[in-house]
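J.: Below is the structure I would like to discuss, written out as structure tokens.
Values quoted throughout were computed directly from the atomic coordinates according to the rules given, and no laboratory measurement underlies them. These numbers come from a predicted model, not from an experiment. Cβ coordinates were reconstructed from backbone atoms using ideal geometry, including for glycine residues, and neighbour counts include every protein chain displayed.
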Amino acid sequence: MDATEKHGAQFAAGGAYGPDAVADSMQRGDGGFGRDQQTYYDHPVLQKPHWKWEVVTYFFIGGMAAASSALAALAASGGDPDDALLVRNARYSALAGALASGALLVKDLGRPERFLNMLRIVKLKSPMSVGVYALSVFSMNAGVRALEQLHADGHAPFAVPGWLAKPLRVTTGAPATALMACYTGVLVSATAIPVWFTGRRHIPAIFVCSAVSTGAALQNALLVLTGGSARTAKKLAIVELIASCAEAVLLLHWRLSAGESAKPLFRGARGRRLERFTLVGGLALPALLLLPSVLSRRPRHDRLLGLTAAVAALFGGYVLRESIVHAGRDSADDARAYLRHPE
Amino acid sequence: MSTPEHGFFTDVTLCIGCKACEVACKQWNQLPADGYAFSGNSYDNTNGLSATTWRHVAFVEQMDRVEPSASRWMMMSDVCKHCTNAGCLEACPTGAIVRNEFGDVYVQPDVCNGCGYCVPSCPFGVVAIQPEAGVAQKCTLCYDRQKDGLEPACAKSCPTDSITFGPVEELRALAEARVAKLHAEGREAHLYGVDGPETRDVGALNAFFLIPDRPEVFNLPPKPVLPSKFQRAAYTSGLLGALALTAVGLAVFRPKPWSA
């Protein structure tokens with residue numbers, strides 16, 4: 001956006017002073033030049049993050065990849081032969097998600113070698129640095145797992161040597177996956193943007209729940225498409241149901257406990273969109289659709305139902321990430337919310 | 001460090017709003033123009049700091065209808081604060097943002113990869129991504145000029161010495177003396193960025209200000225936050241969530257199914 005366009009938009013939004021400032025000056029009757037200014041012409045104090053769809057999609061896909069990898073590990077550890085198909089699907093999709101994540105980040109940065117700039121130092125104080133290593137180690141693990149699976153399926157000519165794969169998995173698998181699921185939430189929470197930092201107790205947990213609910217929905221859809229067992233689908237449905245409930249409770253709690261600074265997320269068109277597509281469409285609807293199969297003792301496989309629930313959950317998950325990222329932009333523009341100082 | 005920390009002392013009571021600092025900064029640092037746009041905000045059509053505007057003169061009009069002689073028109077040349085605890089520096093994942101030998105917070109353009117995380121991490125809204133260059137940019141405190149023993153372009157061009165450059169310790173002494181003088185004259189004045197509540201998180205500012213009004217009048221946050229302090233709560237939230245859902249997964253996928 002060039003300067004002319006930016007200022008044009010500002011002008012259209014209610015004159016140079018913004019709607020709040022106009023209301024203030026009307027009350028004072030001094031034409032807007034009184035002594036009790038609350039801000040500098042309501043010009044934003046903070047700069048907006050430039051993150052676009054690449055980063056939103058990365059937040060969404062990265063979370064799903066982490067949850068898929070976790071589901072593969074959990075299902076494999078259970079050892080139920082019925083779940084073998086889930087393990088296979090989840091391992092492949094975790095790798096696909098990891099590769100897509102890397103590609104999206106490179107697209108956001110502009111040039112591939114720019115990613116390497118982040119690997120020249122380790123900085124525990126920067127969630128971005130922690131996240132880059134979480135993604136790198138996670139991708140490595142996902143790659144090894146997918147190769148092992150490929151070998152087990154008889155498609156790979158060689159096996160990953162156990163002395164390499166096992167220590168890597170044992171030491172780094174779980175921490176990298178957990179960080180991969182939650183660090184994006186920490187990333188936005190640890191900023192100066194009011195809607196993000198006041199949500200720091202909720203956002204990371206919500207991101208984890210969303211990762212698991214969308215990850216389970218994706219695996220359920222893949223299971224339906226590859227003809228998996230109804231028992232596995234039921235297990236996935238239970239995981240998705242619990243994660244969705246936790247996510248809904250956290251979102252509602254955030255909404256109720258948040259003050260003015262969360263306005264850009266929960267009010268107006270964005271709030272309605274979040275309500276419609278995430279709370280109702282992405283969480284409540286899939287939960288209702290999955291409930292019968294969860295409650296029945298002898299689960300049936302309803303392909304259409306399963307796919308509908310999965311699509312609704314995935315879209316809801318995307319809308320959640322998008323809403324939170326975009327709310328950050330509006331929050332950065334609200335000079336009053338920041339200067340009034342919510343913290 | 002052999003060189004003492006250098007910074008700016010910007011005195012609002014001396015600024016005449018000539019914008020020589022804005023122009024000198026643009027010229028010396030070869031920053032592109034931002035286009036023509038009429039804001040309607042007093043004499044300010046620059047509006048704020050950006051990736052290509054590293055000095056910004058704010059014009060604050062306070063008209064008193066009841067007592068016109070009490071009206072005032074204040075100008076403040078805003079700039080990167082070069083914080084002691086800099087949010088941008090802490091957030092940078094590449095190590096592109098460093099503190100140089102003069103104590104300035106400096107973005108190395110060849111190391112920056114344009115991830116943009118410093119942008120929402122600056123509690124003053126200073127650093128920004130320049131789309132054409134694809135990297136983060138902000139005031140360098142004229143690092144190149146300092147290396148040659150010159151003062152930064154903005155301070156050099158300031159005709160009233162509203163902007164003074166020098167070792168921060170000396171500038172603080174100068175500022176204290178100026179505040180005392182103004183107080184003796186019965187004028188309102190205080191320092192922003194030396195030891196007030198605004199330094200709670202970010203520490204003292206190497207570029208600090210003398211302002212005759214509340215900070216928010218100049219869009220200066222009364223209590224700027226240091227984003228890294230939110231990490232503990234955020235990691236706790238995320239990792240507890242991951243732990244709880246792992247437990248759920250373990251229970252659901254446990255070897256003996258509940259339906260048996």
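J.: Could you work out how far apart the two model spin labels at residue A:163 and residue A:84 are, taking each label as a point 7 Å from the Cα in the direction of the beta carbon, and quote it in nm?
T.: 3.0 nm
J.: How shielded is B:133-140 by partner chains, expressed as the average number of their Cβ atoms within 10 Å of its Cβ atoms?
T.: Taking all residues of B:133-140 together, the mean is 1.
J.: In nm, what is the difference between 0.36 nm times the number of residues separating residue A:257 and residue A:103 and their Cα-Cα distance?
T.: Taking 0.36 nm per residue and subtracting the Cα distance, the gain is 51.7 nm.
J.: With a ≥ b ≥ c taken as the square roots of the eigenvalues of the C-alpha gyration tensor of region A:53-336, please select rounded if a/c is under 1.5 and otherwise prolate if a/b is larger than b/c or oblate if it is not?
T.: oblate
J.: Using DSSP H assignments, which helices in chain A have an axial alpha-carbon span of 15 Å or above and a mean Kyte-Doolittle hydropathy of -1.0 or higher?
T.: Result, helices passing both filters: A:18-28, A:53-78, A:84-109, A:127-152, A:174-189, A:203-226, A:230-257, A:285-295, A:303-333.
J.: To continue, here is another question. Starting with the highest mean, order A:51-57, B:103-109 by the number of other Cβ atoms within 10 Å, averaged over the residues of each peptide.
T.: B:103-109, A:51-57
J.: Report, ordered by chain and residue number, the lysines lying within cross-link reach of residue A:234, taken as a straight Cα distance under 26 Å and ignoring same-chain residues fewer than 8 apart.
T.: Within reach: B:256.
J.: Which whole-number percent is the relative contact order of region B:6-229 (Cα, under 8 Å, 6+ apart)?
T.: 27 percent
J.: Output the 0 to 90 degree angle, nearest 10, between the alpha-carbon long axis of helix B:231-252 and the longest principal axis computed from the alpha carbons of chain B.
T.: Taking the Cα atoms of chain B, the angle to B:231-252 is about 10 degrees.
J.: Would you please classify the overall shape of region A:77-136 from the alpha carbon gyration tensor, given that a ≥ b ≥ c denote the square roots of the eigenvalues, rounded means a/c under 1.5, and beyond that prolate means a/b larger than b/c while oblate covers the rest?
T.: It comes out oblate by the Cα gyration axes.
J.: Then there is this: Show me A:61-69, B:56-64 ranked by packing, highest mean number of other Cβ atoms within 10 Å first.
T.: The most tightly packed comes first, giving A:61-69, B:56-64.
J.: While we're on this one: Aspartates and glutamates near residue A:125 by alpha-carbon distance under 14 Å, same-chain residues fewer than 8 away left out - which ones?
T.: Reachable aspartates and glutamates: B:90.
J.: Please state, as a whole number in µm²/s, the translational diffusion coefficient that the Stokes-Einstein equation yields for the protein assembly as shown at 4 °C and 1.567 mPa s, with Rh defined as the Kirkwood radius across alpha carbon pairs.
T.: Answer from the Stokes-Einstein relation: 50 µm²/s.
J.: Applying a 10 Å radius around every beta-carbon, put A:39-45, B:145-151, A:187-193 in order of their mean neighbour count, most first.
T.: A:187-193, A:39-45, B:145-151
J.: Just how many pairs of Lys in region B:6-229 have C-alpha atoms closer than 14 Å, counting pairs that are eight or more places apart or on different chains?
T.: So the count of such lysine pairs works out to 5.
J.: Another one. Using label points projected 7 Å from each Cα along Cα→Cβ, tell me how many nm separate residue B:133 and residue A:297, to one decimal.
T.: It is 7.1 nm.
J.: Relative contact order for region A:53-336: what is it in percent, counting Cα pairs under 8 Å that are at least 6 residues apart?
T.: 21 percent
J.: By count of other Cβ within 10 Å, fewest leading, how are B:42, B:162, A:210 ordered?
T.: Going from least to most buried by this count: B:42, B:162, A:210.
J.: Under a point-charge model restricted to the Cβ atoms of Lys and Arg (+1) and Asp and Glu (-1), what is the dipole moment magnitude of region A:53-336 relative to its Cα centre, in debye to the nearest 20?
T.: I would put it at about 280 debye.
J.: What average count of beta carbons from other chains do you get within 10 Å of the Cβ of residues in B:33-45?
T.: 5
J.: Across peptide A:130-139, how many C-beta atoms of other chains are within 10 Å of each residue C-beta, on average?
T.: Per residue, the average neighbour count from other chains is 1.
J.: Sticking with this one: Please list, or write none, the aspartates and glutamates whose alpha carbon is within less than 12 Å of the alpha carbon of residue A:166, excluding same-chain residues fewer than 8 places away.
T.: A:148
J.: Treat each spin label as a single point 7 Å out from the Cα along the C-beta direction, and report the residue B:18 to residue A:172 distance in nm.
T.: Taking the two extended label points, one gets 5.9 nm.
J.: With just the Cα atoms defining each centre, how far is region B:187-202 from region A:40-108? Give it in Å.
T.: If we compute the Cα centre of each part, the gap is 43 Å.
J.: Roughly what % of DSSP beta bridges within the protein assembly as shown run antiparallel, to the nearest 5?
T.: The answer is about 85 percent antiparallel.
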